[in-house]
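Only one structure is covered here, and it is reproduced in the block below.
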Amino acid sequence: MTRRALTTALVLAAAATAATACDAVSNEPKRYSQACGVVVDGSGSAAADKTGFDAEAKLKAVLNTFLSDNKCRKTSFAPITKVSQASKCQVSPLDLDPDTSKTADRDRTRKAMRAVALSSALKLLRCAQDEEPGSDVLGGLSRIALTKPSGGDDDSFDVLVVSDFDQGDPDFRLGRQDLSTAASRAKTIDAFLKSHHEPELSGADIYPVGYGMKYHTDTSRYDQFNSFWTELLEGRVKAHVHTTYR
């Protein structure tokens, strides 16, 4: 082979290698960036019996789909207990799309991390059920709100809330409130937010699971219950509530 031919061959080989590398990069799945939260209800109504909504079963049925659908990356967790913001129950946040070697299967890594997220959520649920059972739903939302991104180009936040939303803490029981009219609901919400503080979830997307199951056979009471939470979460907090997994 002449020197000129060898030089030409080396240039072509280098170009082919570069093209292969570029193809490998372009074929790699786009990295996830969505911040997500998972809130789990450890109250008595979360039990797996005729009167409960079975929080464990719902977590197992929905969490993986929620994390996958929303392309969750940094994911945090919060419990719903008797006094949620002061609860000792906690698990560490997770990166569901971590940095890996260039040869790693990213889809397989994500799937494995979603399984870890389910394990973490179940651990948190069991702590809430065993140690501090209660139903401070608003406190759980306030606690997950502490992990909401702020500033930057993308501060969106997707939150899965596995709860029947039947608020019941030492200072407020939803079932004892007058929710029959818009005026009575507004008065109740005013007092509720004054005593419990408003979660910083403006602009967040909230996905309830198990919502209102206590009232599924009582249309009138469900409508009042639903109006209360809709007015509170969308009207006051300025969050967006979705029925995707409800």
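The values are calculated or read from the model by the stated rules, or taken from the named source; none is laboratory data. What you see is a predicted model; the values in this text were computed from it and never measured. Positions of Cβ are generated from backbone atoms using ideal geometry, with glycine treated the same way; all protein chains shown enter the neighbour counts. Please note that ligands, DNA and RNA were not included when accessible areas were found on the heavy atoms of the full protein model with its side chains. Shrake-Rupley method; radii C 1.70, N 1.55, O 1.52, S 1.80 Å.
Brief remarks on what is shown
- Exposure of Glu131 as accessible area (Å², to 10), given a probe of 1.4 Å and all protein chains: 130 Å²
- Amide H contacts of Gly37: Ser76, Asp158, Val159, Leu160, each under 5 Å away and 5 or more positions distant or on a separate chain (H built 1.01 Å from N in the peptide plane; Pro and chain starts excluded).
- Per-residue SASA entry for Asp190, accessible area with 1.4 Å probe, Å² rounded to 10: 80 Å²
- Maximal additional length on extending the Asp49-Ser156 stretch stands at 34.9 nm, based on 0.36 nm per residue less the C-alpha distance.
- For the stretch 158-246, the residue among Tyr211, His240, Tyr222 whose Cα projects farthest onto the positive side of the dipole built from Cβ charges is Tyr222.
- The charge dipole of the chain, taken about its Cα centre with unit charges on the Cβ atoms of Lys, Arg (+1), Asp and Glu (-1) only, comes to about 840 debye.
- Long pairs among Lys60/Lys187; Lys50/Lys74; Lys82/Lys148; Lys71/Lys187; Lys88/Lys214; Lys60/Lys88, criterion Cα-Cα beyond 31 Å: Lys60/Lys187; Lys50/Lys74; Lys71/Lys187
- Cα centroid separation, the stretch 188-246 to the stretch 118-158 (Å): 16 Å
- The distance between label points at Ser195 and Ser33 comes to 4.3 nm (points 7 Å beyond Cα on the Cα→Cβ vector).
- Per-residue ³J(HN,Hα) for the stretch 200-215, Karplus 6.51 cos²θ - 1.76 cosθ + 1.60, θ = phi - 60°, Hz, x for Gly and Pro: 7, 10, 4, x, 6, 9, 10, 10, x, 9, x, 4, x, 5, 4, 10
- Of the residues Cys127, Cys72, the one with the largest accessible area comes first in the ranking Cys127, Cys72, computed with a 1.4 Å probe on protein heavy atoms.
- Were the residues from Ser101 through Arg236 laid out at 0.36 nm apart, the gain over their Cα-Cα distance would be 44.1 nm.
- Of the residues Ser119, Ser163, Ser220, the one that moves most in a GNM of the chain with alpha-carbon contacts below 10 Å is Ser220.
- Rolling a 1.4 angstrom probe over the chain with all protein chains present gives an accessible area of which 51% lies on carbon and sulfur atoms.
- Here the 3J(HN,Hα) profile of the stretch 163-175, calculated from phi with Karplus coefficients 6.51, -1.76 and 1.60 at θ = phi - 60°, is 6, 8, 6, 8, 3, x, 10, x, 10, 8, 10, 4, x Hz, Gly and Pro shown as x.
- Solvent-free Debye calculation, one equal scatterer per alpha-carbon of the stretch 34-241: log10 I(q)/I(0) at 0.08, 0.11, 0.12, 0.15 Å⁻¹ equals -0.27, -0.50, -0.59, -0.91.
- Summarised in one figure, the compactness ratio Rg/Rh of the stretch 186-225, Cα atoms and Kirkwood Rh, is 1.05.
- Average accessible surface area per residue within the stretch 34-241, 1.4 Å rolling probe, Å²: 48 Å²
- Note on Lys111 and Ser184: with the Förster distance fixed at 30 Å, the Cβ-Cβ geometry gives a FRET efficiency of about 0.05.
- When each full DSSP H helix of the chain is screened for a Cα extent of at least 15 Å along its own axis and an average Kyte-Doolittle hydropathy of at least 0.5, the helices passing are 3-27.
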